[in-house]
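Asks: If you scroll down you'll find the structure; I have some questions about it.
Bear in mind that the values in this text are calculations on the coordinates, not laboratory data. Since this is a predicted model, take the numbers as computed values, not measurements. Note that we place each Cβ from the backbone using ideal geometry, even for glycine, and neighbour counts take in every protein chain shown.
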2 protein chains.
Amino acid sequence: MAVKLTEPTQAYSVDGVRLATASAGIRYVGRDDVVLIEIAQQSNVAAMFTQNKFCAAPVALAKKHLKDNAPRYLIINAGNANAGTGQLGMDAAIATTKAVAEHFNVMPQQVLPFSTGVIGEVLDVSKIENQLLSMSNGLSEDHWLLAAKAIMTTDTVSKAYSKKINIAGKDVCVTGIAKGSGMIQPNMATMLSYVATNLEIPSCILQELLCQAADQSFNSITVDSDTSTNDACVLVATGRSKVSYESITLDEKDQFKQALCWLMQMLAQAIVRDGEGATKFVTVCIELAGYIKQAKTVAYSVANSPLVKTALSASDPNWGRIMAAAGKCADEDLQLSEASLYINGIVVMERGELAMSYTEQAGKQAMQAEEIEIKIQLNLGLAQHTVWTTDLTHEYVSINADYRS
Amino acid sequence: MAVKLTEPTQAYSVDGVRLATASAGIRYVGRDDVVLIEIAQQSNVAAMFTQNKFCAAPVALAKKHLKDNAPRYLIINAGNANAGTGQLGMDAAIATTKAVAEHFNVMPQQVLPFSTGVIGEVLDVSKIENQLLSMSNGLSEDHWLLAAKAIMTTDTVSKAYSKKINIAGKDVCVTGIAKGSGMIQPNMATMLSYVATNLEIPSCILQELLCQAADQSFNSITVDSDTSTNDACVLVATGRSKVSYESITLDEKDQFKQALCWLMQMLAQAIVRDGEGATKFVTVCIELAGYIKQAKTVAYSVANSPLVKTALSASDPNWGRIMAAAGKCADEDLQLSEASLYINGIVVMERGELAMSYTEQAGKQAMQAEEIEIKIQLNLGLAQHTVWTTDLTHEYVSINADYRS
């Protein structure tokens, strides 16, 4: 079902990051479902987590461990989210990090746990423990693509991107993987992403770079408006390229930031393309807004509207629904009397009136495409924001209504 | 498809309000689609309109007319929302009110226009004009049920409720009709409601009473989170009972307020029961919240979650999705570590942990019912709010994907 998304075939290794996968049988049979990521000493690590107040035990523990410690190991399992599991869930998360820490002779606080899968079932830690030795032996810098596969839940395509740029005469690379097929999946929570670079970046800057890139990528996508209990995104900077972010030129900094943003956008868009039941990949672009918050609010209002999304699934150029979805925002300064609307480049509304040149025929033809750009120019200022989403299909209802039965 | 909703068979007449319907052929064939409501002199009228910034021409004009004038006539058409129609749409709305005003020898500002139906098509005013004479002759206090039918669009059942109470030894009645089958319907916008009482109520109090009752009724329902371009709710007080709201006791005031609130809740719930594709009628009740806004935010977050709604359609007691939907609210004070969850009276979570007594079997059985109550006790304070909604079904996608094709 994924919209114009194919399996990745290449990912550059990142000096200082080794990965291993194993089949622990947590939920799936005959596939890898556990990933261990080893981060070299002297690396810096930044992370962002779900804002959901019903967040999972591993999220709470990873946040705590990150506070004062340099993480050395990430342990990730698919098939069980360890969410909604109360104290037993927290005990399981703690036990997992302890097991990894003992095996590698580090502190438990240097291990970050991540889980994705069914909510409400307690994680069987022994299944992970049993795989530690084989994973320890299997650690390699070349296992990014295997890891991308092992963290999948309802994903239909694995997600990995990689970019190499030349900075200060040296190869700097950024490689990342992600999983997700909905902001939250049925019971199968959720979105995880791991990105690494060999650039040397101090912690505080690293967190800032992650936040900036996430704002333009993972925080600009929606499949069904449901934020998950387990979302996490980790950015590792190993410094092994011997190039320091602080010592490079402004242009080179921009070059790196663009590469990181591109990578995270590709991962984020891949999640949308693989969205549950998706048949369209939709870009909602709000331009000339009064301020960025307004652009974001309108963009999400359109992108999350069930009526817009069902129209998209039917390739119906239903501009009335789009403008009504824009108009329902609780933004006091929003007015649509000057707004213009474009669907895949075709002008539909011009400054509040139906465009003279617009025909239903042209609209219908534009909507046939698998990739749709809905652009609204508010003509209220100069701010803009773009959000990526999918259509709402029968398949989405089937996947989510039938998941546990 | 409507969930436990049958055609109304009785509505008390309200002295001072006469209604007439006609078949103008605006969109439908072989059924009435225009309603004229005459309000006696000395009546007071309050109204609430959609907050959508892409609101329809009749909404803008009705708001303007209401400002300084006592409305004498309401003219309502189904089949065409006269929304997204620009200046031509405003011209049509003005022409409609002028035609009614000339026919009855009142000022155009004393006529309020309402439209519901397809967005983006200009209204043919002559079709309404052609029916004015016959409607003028057909005005009667007994036509509430006919009017309820004539304002329907994608509704499958007409909606009318009525209540008589004794105040100060006299019969006071409240009668109301509504239409709607989604907060916004596909292209078919939307929710309209007209309520009248023979009590005498000053304008300023009338608006206050309407807002209070709407808060507990029309502003507490959601089918698909999409607010329409044409929503309107009108409350008329004719005063013909010769009982004045200002002169009655506090107990009697409460009695009236309860009757009004009951009536508007029944109408609002009827819209949800008739929601597009609905197979469940769902009450989301948030109790023991820190404050009312928190209760409302959590209630709507649960009620609008596509994942909760698809689970409901499958009768799946998917408490993980319910708690995740509650948890995704952007309320800084919200915490769920002390929250309890009940589904149709069965305790699922108790103070943040899965209840010892809960079994999947019991949950599944509770979810089989056509009427589901999801109750979350936040244990953060004493505020509460209730929202009514439906499930999200294949039928919803079909109705909204196939509507214009």
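Asks: Once you have all Cα-Cα distances for the protein assembly as shown, histogram them in 20 Å bins from zero and send the whole-percent values.
Replies: 16, 44, 29, 11, 1
Asks: Now for a separate question. Once phi is turned into ³J(HN,Hα) by the Karplus curve 6.51 cos²θ - 1.76 cosθ + 1.60 with θ = phi - 60°, what whole-Hz value does each residue of region B:17-22 show in order, with x for glycine and proline?
Replies: 10, 10, 10, 8, 10, 7
Asks: Taking the alpha carbon gyration tensor of chain B, what are the square roots of 5 times its eigenvalues, largest first, to the nearest whole Å? Please list the in-between numbers first.
Replies: Details: eigenvalues 293, 123, 64 Å².
They are 38, 25, 18 Å, listed from largest to smallest.
Asks: Which distances, in nm and shortest first, link the B:Gln87 label point to the same label point in every other copy, taking 7 Å along Cα→Cβ?
Replies: 7.2
Asks: Let me ask something additional. Using the structure shown, select from A:Lys328/B:Lys179; A:Lys53/B:Lys309; A:Lys64/B:Lys328; A:Lys179/A:Lys309; B:Lys64/B:Lys280; B:Lys163/B:Lys328 the pairs with a Cα to Cα distance greater than 29 angstrom.
Replies: B:Lys64/B:Lys280; B:Lys163/B:Lys328
Asks: Alpha carbon centre of region B:300-368 versus region A:285-332: separation in Å?
Replies: Value for the Cα centre distance between the two parts: 29 Å.
Asks: Same structure, new question: Calculate the mean, over all residues of peptide B:296-304, of how many other protein chain Cβ atoms lie within 10 angstrom of the residue's Cβ.
Replies: On the way: counts 0, 0, 1, 0, 0, 3, 0, 0, 4.
So the per-residue partner count for this stretch is 1.
Asks: Something else about it: For region B:281-402, count the residues as N, evaluate 2.2 N^0.38 Å, and divide the Cα radius of gyration by that value, please.
Replies: 1.02
Asks: Using amide H atoms built 1.01 Å from N in the peptide plane, name the residues 5+ places from B:Val348, or on other chains, whose amide H lies under 5 Å from its own.
Replies: Correct list: B:Leu341, B:Tyr342, B:Ile343.
Asks: Based only on other Cβ atoms within 10 Å, what is the fewest-to-most ordering of B:Lys53, A:Lys127, A:Lys242?
Replies: Fewest to most other Cβ atoms nearby, the residues stand as A:Lys242, A:Lys127, B:Lys53.
Asks: Compute the orientation-averaged projected area for region B:335-405 from the convex hull of its Cα atoms and round it to one decimal in nm².
Replies: Its average projected convex-hull area is 6.7 nm².
Asks: Fewest first, what order do B:Tyr342, A:Tyr396 take by the number of other Cβ atoms within 10 Å?
Replies: Ascending Cβ contact count within 10 Å gives the list B:Tyr342, A:Tyr396.
Asks: Separate question: Rank these for me by crowding, B:Phe218, B:Phe104, B:Phe49, going from fewest to most other beta carbons within 10 Å.
Replies: Numbers: B:Phe218 22, B:Phe104 15, B:Phe49 19.
Fewest-to-most Cβ neighbours within 10 Å comes out as B:Phe104, B:Phe49, B:Phe218.
Asks: If you look at just the Cα atoms of region A:83-195, how large are its Rg and its Dmax in Å?
Replies: Rg then Dmax for region A:83-195, in Å: 16.4, 52.
Asks: Could you go through region A:231-248 in sequence order and give the Karplus-derived ³J(HN,Hα) for each residue, using 6.51 cos²θ - 1.76 cosθ + 1.60 with θ = phi - 60°, rounded to whole Hz, and x for Gly and Pro?
Replies: 3, 8, 9, 10, 10, 10, 10, 7, x, 5, 6, 6, 9, 9, 4, 5, 9, 8
Asks: Averaged across B:50-59, how many Cβ atoms of other chains sit within 10 Å of each residue's Cβ atom?
Replies: Taking all residues of B:50-59 together, the mean is 5.
Asks: Taking a label point 7 Å from Cα toward Cβ, how far is B:Gln335 from its twins in the other copies, in nm, shortest first?
Replies: 4.5
Asks: Right, another one. Only helices at least 15 Å long along their own axis, judged from Cα atoms, and with Kyte-Doolittle mean hydropathy of -1.0 or greater: name those in chain B from DSSP H.
Replies: B:57-68, B:86-104, B:203-215, B:250-273, B:292-303
Asks: Can you tell which of B:Val17, B:Val35, B:Val234 shows the greatest fluctuation in a Gaussian network model of chain B with Cα springs below 10 Å?
Replies: B:Val234
Asks: Which three lengths, in whole Å and largest first, does region B:210-296 cover when its Cα atoms are put on their principal axes?
Replies: The Cα atoms of region B:210-296 stretch 44, 33, 23 Å along the principal axes, largest first.
Asks: Under the definition of Cα pairs under 8 Å and six or more residues apart, what whole-number percent is the relative contact order of region A:281-402?
Replies: 46 percent
Asks: Then there is this: At A:Lys257, label 7 Å along Cα→Cβ: distances to the other copies, nm, ascending?
Replies: Nearest first, the other copies' label points are 5.5 nm away.
Asks: Each residue of region A:43-54 in turn: what ³J(HN,Hα) in whole Hz from Karplus with 6.51, -1.76, 1.60 and θ = phi - 60°, glycine and Pro shown as x?
Replies: 6, 10, 9, 10, 8, 10, 10, 3, 8, 4, 6, 9
Asks: Straight-line reach from B:Lys170: which lysines fall under 26 Å, measuring Cα to Cα and dropping same-chain residues less than 8 apart?
Replies: Excluding near neighbours in sequence, the set is B:Lys242, B:Lys253, B:Lys257.
Asks: How many Cβ atoms of partner chains, on average, are near each residue of A:311-321 if near means within 10 Å of its Cβ?
Replies: The shielding value for this peptide is 6.
Asks: Tell me the relative contact order for chain B as a rounded percent, counting alpha carbon contacts under 8 Å between residues six or more apart.
Replies: 18 percent
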